Each structure stands twice: as C-alpha cells, then as structure tokens.
Amino acid sequence: MAHPTRSYFLRVPAWRVLATLLALLGCSESTTVETEPDAAADDLGSPDKDRTPDADTPSDLGDIDDAAAPPDTELSPDTGASFDASLDATADVTVAMDVPPPPRDVPPPPRDVPPPPRDVPPPPRDVPPSSPPQTGLLLDGARPMQCADPALFSAANAEGTYYAYCTGMAHVWTTSDWARFDDRRSATRFDLTGMSANGRELGSWWAPGIVYAPDLRQYVMWVSVPDARARRGASGWDTRSLAVLTAATPTGPWVYRNIGLAASATGQHVIDPFLFRDHDGRRYVFFKRYGGGASSSIMGAAVDASWRHLVAGSQVEIMDGYGGPRTWEDNVRENPAVDYDPATGHHHMLFSGGHWAEDSYATGHALSTCGPLCVSASGRWRIVASGDLGINQVVRANGDPDFRHGGPGGAVFQDDRARTIVYAAAARSARGDSARYLMRQAIRWRNDAPYVDTAGHRPELR
C-alpha cells in the first residue's frame with residue numbers, strides 16, 4: 001500500500017517543484033540583502049558576543065522552508081538531495097554576502113600618554129601666602145622655653161615631630177603641633193668615649209647643628225666644644241673645635257666619632273656649625289671662625305658621604321665675619337643657616353649680627369646666585385636687605401625694652417618651604433630675665449629676600 005504523502009508528492013507537477021526551488025533561492029538572496037548592515041555590525045562586533053556570524057540566529061532558509069512545504073509533504077530522495085545541495089549553495093552565498101564584523105584586533109587608544117611633568121618648580125617665594133600665622137614666643141604651658149642657638153630638625157625628615165637642641169645641652173624640646181611641648185633632655189643619652197676631658201663638658205657645648213642622613217639612617221650632630229688644648233678663663237674656654245656625633249634616634253645615644261674641624265691655633269674659635277644637604281644631594285657644613293690669628297669669617301665646606309669629614313680643599317670664606325663699624329651688625333656676623341629655593345635656583349642664608357646680649361642683635365639675610373660655596377667676584381654670597389620697606393633685617397628688636405638683654409638671633413628655617421623661622425631672643429627681659437627663649441614666626445618673601453611681616457619687622461609676644 002502506497003504512503004499517502006508519497007502518493008501526493010508524485011502527483012505534484014515537475015514545474016511546481018522547479019518553481020518552488022527558484023522561489024526559495026530568490027527569497028534567500030533577498031533576505032540577506034535586506035539585513036541592516038549597521039545592526040549586523042553592532043551584533044558581531046559587540047565585545048560581549050564572541051561567536052561566528054549567524055551562529056545563534058535561526059536560519060533564514062529554514063523559515064522559508066517551513067512556509068513553502070505543506071505540513072505533511074515528504075520529498076523524494078532525489079529531490080531531497082537536490083534541495084540539500086541548493087541549501088548548501090545558498091548558505092555559501094549568504095555567508096559571502098554578510099557584512100563582515102569590524103576587526104577585533106584594532107588597538108585601543110594609547111594609555112601611556114605621559115602625565116604632566118611632576119618636577120615643575122614651585123611658585124616663587126615672593127608670592128605671599130594667604131594670611132601667614134604669626135606665632136611669636138613659644139610656651140610650654142604658661143612658661144617660655146629657654147633655648148639659645150636652636151638646632152631644629154624633624155624626625156626622619158618627615159616634618160612631623162620636631163626637635164630643638166640648645167646651647168649648653170640643657171634642653172631638648174620636642175613638639176608635633178607647635179602648641180604642646182615636651183623637654184626630652186632627661187631621656188637623651190651621650191656616649192663620649194674617646195673625647196677629650198674638655199670636650200666632655202656638655203654645659204660648654206655651643207650651637208649644635210643636626211641633620212638626618214637617610215642613606216645612613218643616622219642623625220649627625222656637629223657642635224662647638226672646648227678644644228683638648230683649651231684653657232678656661234674668666235670669659236670661658238679660649239679655644240674651640242667642631243666635634244662630630246651620630247645617633248640612630250633623635251635623642252641618642254649620641255656617640256662621639258671625631259673632631260670634624262679642629263682649631264688651627266690656640267685662641268681660635270670654630271663655632272655655630274650648620275649642616276646642609278643641597279637639592280643635588282651634596283653635603284655641606286657652614287660655620288663661624290675667628291681668633292688665633294685667623295680672620296673673622298663665615299665659612300663653608302663640603303662634607304664627605306659619612307658627614308664626619310671635610311672634603312679636602314673645599315673650605316671657602318663666604319662672608320666677612322665683621323660687617324664693619326657703624327653698621328647694624330657692628331663687627332659681628334655669625335650663626336649661618338642655609339636654604340635652597342628651587343623656583344629661582346638661588347641659595348639663601350640667615351645670619352645673626354650685632355651683640356647677642358643687647359637689643360641690637362638681629363637676623364640678616366644673604367643671597368648666592370652661584371651655589372652654596374660661591375666665591376666668584378661678581379656673584380659671591382652678598383648681603384641682601386629685606387624685601388619689605390627697605391629694612392635691612394629679617395627680624396629685629398632694637399630699641400624695644402622687652403628685648404634689651406638680647407634681640408632675635410640664631411634663626412633657622414623651619415622646613416624646605418621656608419615660610420617660617422625659629423629663633424632665640426631674650427623676650428620680656430625688661431623683668432631682669434636675661435635668658436633667651438624659643439620664638440617662631442612666619443615670614444614672607446619679596447625681591448628674593450625674606451622678612452617678618454610685622455610693623456618694623458618686630459618679634460611678636462603673646
């Protein structure tokens with residue numbers, strides 16, 4: 001008995017089969033052409049779709065096949081083979097006519113566009129900060145803090161906790177906020193093995209200079225001490241040299257290492273050392289020298305990598321140590337403290353002038369445009385008046401009865417931004433108190449010179 005659907009198919013005229021095939025081929029081409037190129041490109045190029053074209057899309061030919069063939073129609077084997085061949089050919093045409101996806105290996109926009117340079121120099125210092133604070137006399141509770149010739153440094157150069165060592169080693173003040181202070185002297189230790197008996201008299205140590213050397217992980221101190229051959233007289237020790245000590249922490253133990261610079265003759269004083277690491281990493285010591293047949297001079301010298309020894313042949317005079325009669329310095333210049341301004345490439349030095357036990361004592365300023373050890377005739381270190389109102393001193397107290405036993409001197413810049421100075425003065429000495437106390441004031445810069453922005457550049461008392 002013949003299959004009903006097979007009998008039906010055999011009764012279909014041949015021309016109808018051929019027409020059906022032609023219609024199928026025509027519909028496949030028209031379906032491919034009508035595909036929107038943009039939609040195809042978006043679909044195939046979407047980053048979250050990783051597939052070949054049409055892998056997940058129902059076949060267009062399958063849709064046409066279902067519409068063209070009656071539900072119960074079965075094709076003959078021969079006809080089916082021919083139809084399968086036509087499907088293969090049509091599929092090839094469809095793939096060939098598809099819009100290709102955009103290439104996936106197109107490199108993204110470059111991400112290594114260099115950022116703006118980070119070594120842009122800071123603005124010049126003569127651009128005044130907004131309302132700089134004026135601090136004045138520093139107080140431990142209600143008491144002013146005694147400290148002549150302060151050596152100021154921060155722990156590990158972090159500008160967080162600050163320490164101030166003083167002449168005579170009587171105090172080691174420390175603070176983290178400049179409002180509350182602690183005296184760490186009782187916790188400070190010294191190992192003076194190898195130092196002369198004269199040098200071991202801590203109460204006779206003058207004006208220490210201290211720096212943290214990160215490459216050594218050590219704090220280094222240079223300090224003026226009585227020389228081994230010195231004799232004590234009515235006015236104190238007659239000969240002084242510079243001793244070198246190191247410590248792993250800000251409060252020691254400070255271990256004596258050597259004499260960094262010895263007096264060259266009896267009666268010579270080498271005092272007021274200041275240690276300075278320049279922007280290029282080079283190391284220097286600045287100091288005052290006078291007596292024993294030597295000229296009175298503020299000197300500078302390079303220091304080796306250990307911070308313990310002078311580089312041979314590097315000593316130079318950077319400033320005459322007198323200043324001359326009838327000048328505000330009145331034959332005394334001392335206490336150098338050096339800083340570098342990256343905006344201008346200039347070096348600046350604070351120094352003290354006048355007599356330390358009088359109100360004439362004040363802080364001056366010198367400028368170098370040719371390096372820290374500049375000795376050229378045209379550009380050597382030179383005195384520069386304050387940048388404000390033509391006043392010569394950065395801070396002064398002449399004629400002020402509150403400072404009649406000692407004006408502001410021994411000044412140092414607080415940090416690399418050079419916006420604040422710390423110094424000592426015999427504040428409120430009209431009460432008969434001749435001791436010098438710690439003071440701190442903000443400074444401004446104008447015409448490449450610093451100044452305290454108060455009336456007459458006076459210290460502030462609070």
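The values are calculated or read from the model by the stated rules, or taken from the named source; none is laboratory data. Bear in mind the structure is a predicted one, so any value in this text is a computation, not a measurement. Reconstructed Cβ throughout: ideal geometry from the backbone, glycine too, with neighbour counts over all protein chains shown. With ligands, DNA and RNA removed, areas are computed over all heavy atoms of the protein, side chains included. Shrake-Rupley method; radii C 1.70, N 1.55, O 1.52, S 1.80 Å.
Values as computed for the structure displayed
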read-out	value
Tensor-based shape of region 260-383 (alpha-carbon gyration tensor, a/c under 1.5 rounded, otherwise prolate or oblate)	oblate
Packing-based order for 181-188, 300-307, using average beta carbon neighbours within 10 Å, highest first	300-307, 181-188
Sulfur and carbon atoms: percent of accessible area, region 320-382 [1.4 Å]	51 percent
Normalised contact order of region 388-462, rounded percent, pairs of Cα under 8 Å and 6 or more residues apart	31 percent
Shape category assigned to region 256-326 from the gyration tensor of Cα positions, a/c cut at 1.5	oblate
Solvent-accessible area per residue for region 190-286 (1.4 angstrom probe, square angstrom)	40 Å²
Three-way shape label, region 222-292, alpha-carbon gyration tensor, a/c 1.5	oblate
Average accessible area per residue (Å²) across region 303-382 - probe 1.4 Å, nucleic acids and ligands excluded	40 Å²
Region 334-462, relative contact order [Cα under 8 Å, separation at least 6], %	22 percent
Residue-normalised accessible area of region 384-430, expressed per residue, 1.4 Å probe, Å²	33 Å²
Accessible area of region 121-245 belonging to carbon and sulfur atoms, whole % at 1.4 Å probe	50 percent
